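Student: Mind having a look at this structure? Questions to follow.
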Amino acid sequence: MDTYTVLETNGKPVGDNPARRSEIETVLRDYLLSSSTAIAPANYRRTRKERYFNNPIESTLVNPSGKAYSTLEVNCPDQPGVLATLGKVFAEENIKLIDARITTLGERVEDLFFIKDEDGGAITDTALANRLQEEIKNALERRLSV
């Protein structure tokens, strides 16, 4: 079973607020039942501290020998919405997420994704692999430049 923690835009838990929880549940249920397009992640302004730690955005795609999936490692500065941004890129490129290892080390994110192409195999198409990595870098740069 997957478990998600929903936070308010200020990063704090929703808490014991039945009206707010109901509102969130309604929005999620309506979206999941009526649409297949990705939701655009909310924009956040970077703090001065986050801008000071100018870590580069890196992504590396590897096809492990004999495996029917690819691994994608993404390293970038931490900020709310990074996973939503990556999820949007995956949806736009028809990438299937099999598993993920999410790690945050201070101001830095080091995430590992196990992914498949739309046909259910490893990403062996060089053009798709390059496009995916470029789209990830561009999407995160746009997000982090706000």
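What follows is calculated from the coordinates using simple rules that are stated; it is not laboratory data. This is a predicted model, so every value here is computed, not measured. No Cβ is skipped: glycine too gets one built from the backbone with ideal geometry, and neighbour counts run over all protein chains shown.
Student: Cβ under 9 Å from residue 96's Cβ, residue 96 left aside: what net charge do those residues give with Lys, Arg +1 and Asp, Glu -1?
Tutor: So the environment of residue 96 carries a net charge of -1.
Student: What nm distance separates the two modelled labels at residue 107 and residue 138, each placed 7 Å from Cα along Cα→Cβ?
Tutor: For the pair residue 107/residue 138, the computed spacing is 2.7 nm.
Student: Okay, moving on. Ranked by Cβ crowding within 10 angstrom, fewest neighbours first, how are 4, 31 ordered?
Tutor: 4, 31
Student: What ranking of 70, 34, 22, 59 emerges when the number of other C-beta atoms within 10 Å of each C-beta is taken as an exposure proxy, fewest first?
Tutor: 34, 22, 59, 70
Student: I've got another one for you. Is the C-alpha gyration tensor of the range 97-146 telling us rounded, prolate or oblate? Criteria: a/c under 1.5 is rounded; beyond that, a/b larger than b/c is prolate, otherwise oblate.
Tutor: It is oblate, given that a/c is not under 1.5 and a/b is not larger than b/c.
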